[in-house]
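The values are calculated or read from the model by the stated rules, or taken from the named source; none is laboratory data. What you see is a predicted model; the values in this text were computed from it and never measured. Quick reminder, even Gly has a Cβ in these numbers, built from the backbone with ideal geometry, and neighbours come from all protein chains shown. The accessibility values were calculated without ligands, DNA or RNA, using every heavy atom of the protein model including side chains. Shrake-Rupley method; radii C 1.70, N 1.55, O 1.52, S 1.80 Å.
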Amino acid sequence: MKDCDDMQFIDLKAQYQALREPIHAGIQAVLEHGQFIMGPQVKELEQKLASHVGVKHCISCANGTDALQMLYMAYGIGRGDAVFCPDITFIASVEPAYMLGARPVFCDVLPGSYNLCPASLERQIRAVLSEGKYTPKAVVVIDFLGNPADYAPLQEICTRYGLVLIEDAAQSYGASRAGRMCCSFGDAAITSFFPAKPLGCYGDGGAIFTNDDTLAATCETIRIHGKGPKGKYDNVRIGVNSRLDTLQAAILLPKLEALKQHEVDDRQRVAKRYDDAFAAAFMPLTVASDAISVYAQYALLAKDSAQRDAVIGYLSDKQIPNMVYYPTPQHCLPVFCELHQYGETFAQANDYCARTFSIPMHPYLGEAEQQSIIDAVLEAAR
Ligand SMILES: *Cc1c(COP(=O)(O)O)cnc(C)c1O
C-alpha cells in the first residue's frame, strides 16, 4: 500500500504508467511527421469519438469552454437572449454566453442526483417570458459529476418552448443513460479533455458533438477564424482560433481505448465499494437504475455543513486528498450575485453546496488504498 502522503485525488500517474508505451509511440509519431496543427491524429480521434458516442459529427477544439462558446456563436446567442442552466455547475457552462451578451438564468437542481430540475427550469422560463426583457434561447444541461441527467422531461420542455438543448458533458464522457452515451443528448453536446476529466489529455482540449450537418459545418468554420470554402484566408464570419493540438489527439487515442475497455467498469467497482461503505453514515448521490455514471468526482453529503467541515478537516490532517465540488452555487458567485433570480430560492442547490465533499476517485484506485480512505472517512464521522 502507498503512503497516505503519496495519495492522489485523481491518479494520473498510475494511468500514465499503464499506458506509457502507446502514449510515447503516439507522441513520437507526431514528432516524426511534424503536422502539429490539425494533423491526421485529430481526424482519427474525432471519428473515434463520434462513433463511440453514436453521433455523426465531432469537432475537436482547444478546451470545453471554447466548445460551448463556439456553439453559442453558431446558434447566434447574444444580447437580449436568456440561457438557462443548473445552479450547481462550473462557471464555464454559461460564462461564454454571458461574454457574448446573453443573460444566464439559474435553475434549481433535483435532490439526489443534483441534476437540473425540470420544474424549476419551467418556472424560470415562464418568469423570463412574463418579464419580457429577454428571449429564452437555450438550456445547458450538465451531467453533474459524471452522472447523466434525465433528458426526456428536459427535452420535452425545450421542444415546447422552442429552446436549443445543449448537453454539457464536460464531466461525463463515457457515461450513459438507457443505453445512450453522454455527448449524444440534446441538439448538441460538448466535452472537455482537461487532464482531470474522465477522458483527459496532457493539457487543454475539448470537443463538440452533434447530428446536425449545418451546425457542424458552422462550428468547423468558427473553429478556424470563420474560414470559408476556400480556406482560412476566405473568411465568411467572425470565428475564433480553437484547435486541439495533434499531440493531444495522439495522447487521447490510447486513453480512449482504455476508457472503452476497462476504465468505465473500474470506476463502477470503486464507486460501488464507496457506496456500500458509506450507505449508513453519509448520503451518496443517486444514480438512476438505467444510468452509468463515470464519477468524475465521488461526492458524499454530510448531515450539515458543520459535519462536512469537520470531516474535511480530519481528512486533510490525515493527508487524505479531499475537495468540495462546488462550494458556491452560481447565483451566489460574486460575478453573478447581483443578477435578478426570478424568484427562485435554490433550496436544493444551497443545501448541496453546504453539505458536499469529495474523496479520491479514479479507475486505478486499489482496494487497500481505498480501504484506508474509507476508514478515515468513517472515523471522521464518529
Ligand atoms: C470542466 C468543465 C467545463 C470547461 O472545460 P475546460 O476544458 O476546462 O474549458 C465546462 N463545464 C463543466 C461542467 C466543466 O466541469
- Among the residues of region 204-243, the number that are open to solvent by 20 Å² or more (accessible area, probe 1.4 Å) and near the ligand (Cβ under 10 Å from one of its atoms) is 1
- Query: Quick one: E95 ticks every box in (1) surrounded by 19 or more Cβ atoms within 10 Å (Cβ to Cβ); (2) within 24 Å of A127 (Cα to Cα); (3) within 16 Å of the chain's Cα centre (by Cα); (4) not hydrophobic (A, V, I, L, M, F, W, C) bar one, so which box is it?
  - Reply: (1)
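Does F194 fit the bill of being crowded, with 23+ Cβ neighbours inside 10 Å, within 16 Å of the ligand (Cβ to nearest atom), touching a residue at least 40 places away in the same chain (Cβ under 8 Å) and within 17 Å of the chain's Cα centre (by Cα)?
Numbers: crowded, with 23+ Cβ neighbours inside 10 Å: no; within 16 Å of the ligand (Cβ to nearest atom): yes; touching a residue at least 40 places away in the same chain (Cβ under 8 Å): yes; within 17 Å of the chain's Cα centre (by Cα): yes.
Criteria not met by F194.
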- Restricting attention to region 123-170, report how many residues are away from the ligand (no atom under 16 Å from the Cβ) and of a type in the set (D, E). 3
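For region 291-342, give me each residue that is among the hydroxyl-bearing types (S, T, Y) and within 30 Å of R180 (Cβ to Cβ).
Residues of region 291-342 among the hydroxyl-bearing types (S, T, Y): 293, 295, 298, 305, 314, 316, 325-326, 328, 342.
If the condition is that a residue be among the hydroxyl-bearing types (S, T, Y) and within 30 Å of R180 (Cβ to Cβ), then S293, Y295, Y298, Y325, Y326 are the ones that fit.
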- Query: Does C353 qualify as being open to solvent by 50 Å² or more (accessible area, probe 1.4 Å) and within 21 Å of the chain's Cα centre (by Cα)?
  - Reply: no
- Count - residues of region 69-85 that are of a type in the set (F, W, Y) and surrounded by 23 or more Cβ atoms within 10 Å (Cβ to Cβ): 2
- Could you grab me the full set of residues in region 50-68 that are within 16 Å of the ligand (Cβ to nearest atom), surrounded by fewer than 24 Cβ atoms within 10 Å (Cβ to Cβ) and not small (G, A, S)? C58, N63, T65
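Is it fair to say P96 is within 13 Å of the ligand (Cβ to nearest atom) and free of Cβ contacts under 8 Å to residues at least 60 places away in the same chain?
Numbers: within 13 Å of the ligand (Cβ to nearest atom): yes; free of Cβ contacts under 8 Å to residues at least 60 places away in the same chain: yes.
Yes.
Does P329 count as at pLDDT 95 or above, closer than 30 Å to R103 by Cβ and in contact with a Cys (Cβ under 7 Å, 6 or more places away or on another chain)? Please lay out each step first, then the result.
Numbers: at pLDDT 95 or above: yes; closer than 30 Å to R103 by Cβ: yes; in contact with a Cys (Cβ under 7 Å, 6 or more places away or on another chain): yes.
It is true that P329 is at pLDDT 95 or above, closer than 30 Å to R103 by Cβ and in contact with a Cys (Cβ under 7 Å, 6 or more places away or on another chain).
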- Exactly one of L365, L301, L285 is at pLDDT below 95 and either surrounded by 13 or more Cβ atoms within 10 Å (Cβ to Cβ) or in contact with a Ser or Thr (Cβ under 6 Å, 6 or more places away or on another chain) (or both), and that one is L285
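Would you mind listing the helices (runs of 4 or more DSSP H) fully within region 1-83 where at least 3 residues are more than 22 Å from the chain's Cα centre (by Cα)? Break it down stepwise before answering.
Details: elements: 12-33, 40-53, 64-74.
Filter on region 1-83 gives 12-33, 40-53.
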- Query: What number of residues within region 103-122 are of a type in the set (A, V, I, L, M) and more than 16 Å from the ligand (Cβ to nearest atom)?
  - Reply: 4
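Rundown of residues vs (1) in contact (Cβ under 8 Å) with a residue 60 or more places away in the chain; (2) touching a strand residue (DSSP E or B) at 6+ places or on another chain (Cβ under 8 Å), yes/no style:
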| site | (1), (2) |
| --- | --- |
| F282 | yes, yes |
| I292 | yes, yes |
| Y295 | yes, no |
| Q319 | yes, no |
| E338 | no, no |
| D375 | no, no |
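Does region 269-281 include one or more residues that are of a type in the set (V, I, T), modelled with pLDDT of 95 or more, surrounded by fewer than 22 Cβ atoms within 10 Å (Cβ to Cβ) and not in a helix (DSSP H, G or I)? It would help to see each step written out before you state the result.
Filtering region 269-281 down to residues of a type in the set (V, I, T) leaves 270.
From what is left, the residues that are modelled with pLDDT of 95 or more are 270.
Filter once more, keeping what is surrounded by fewer than 22 Cβ atoms within 10 Å (Cβ to Cβ): 270.
With not in a helix (DSSP H, G or I) added as a condition, the list becomes none.
Taking every residue of region 269-281 in turn, none turns out to be of a type in the set (V, I, T), modelled with pLDDT of 95 or more, surrounded by fewer than 22 Cβ atoms within 10 Å (Cβ to Cβ) and not in a helix (DSSP H, G or I).
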- Of the residues that make up region 147-161, is at least one in contact (Cβ under 8 Å) with a residue 12 or more places away in the chain, farther than 22 Å from C182 by Cα and open to solvent by 10 Å² or more (accessible area, probe 1.4 Å)? yes
- Item | Residues (under 15 Å from I251 (Cβ atoms) and small (G, A, S)) located in region 182-212 | S192, A196, G200, G203, G205, G206, A207
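Quick check on K133: is it under 21 Å from the mean Cα position of the chain (by Cα) and of a type in the set (K, R)?
Details: under 21 Å from the mean Cα position of the chain (by Cα): no; of a type in the set (K, R): yes.
No: the conditions fail for K133.
In region 13-42, what count of residues is obtained for those that are in contact with a Pro (Cβ under 6 Å, 6 or more places away or on another chain) and closer than 12 Å to Y202 by Cβ?
Residues meeting the conditions: 2.
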- Those residues that are assigned to a strand (DSSP E or B) and within 19 Å of N63 (Cα to Cα), I need them from region 218-243; list them, please. I224, N241
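Looking at region 244-268 only, could you name the residues that are open to solvent by 60 Å² or more (accessible area, probe 1.4 Å) and assigned to a helix (DSSP H, G or I)? Give the derivation first.
Start the filter on region 244-268 by keeping residues that are open to solvent by 60 Å² or more (accessible area, probe 1.4 Å), which leaves 245, 257, 260-262, 265.
E257, K260, Q261, H262, D265, listed by residue number.
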- Query: So how many residues does region 172-191 have that are within 16 Å of the ligand (Cβ to nearest atom), in a loop (DSSP other than H, G, I, E, B) and open to solvent by less than 20 Å² (accessible area, probe 1.4 Å)?
  - Reply: 7
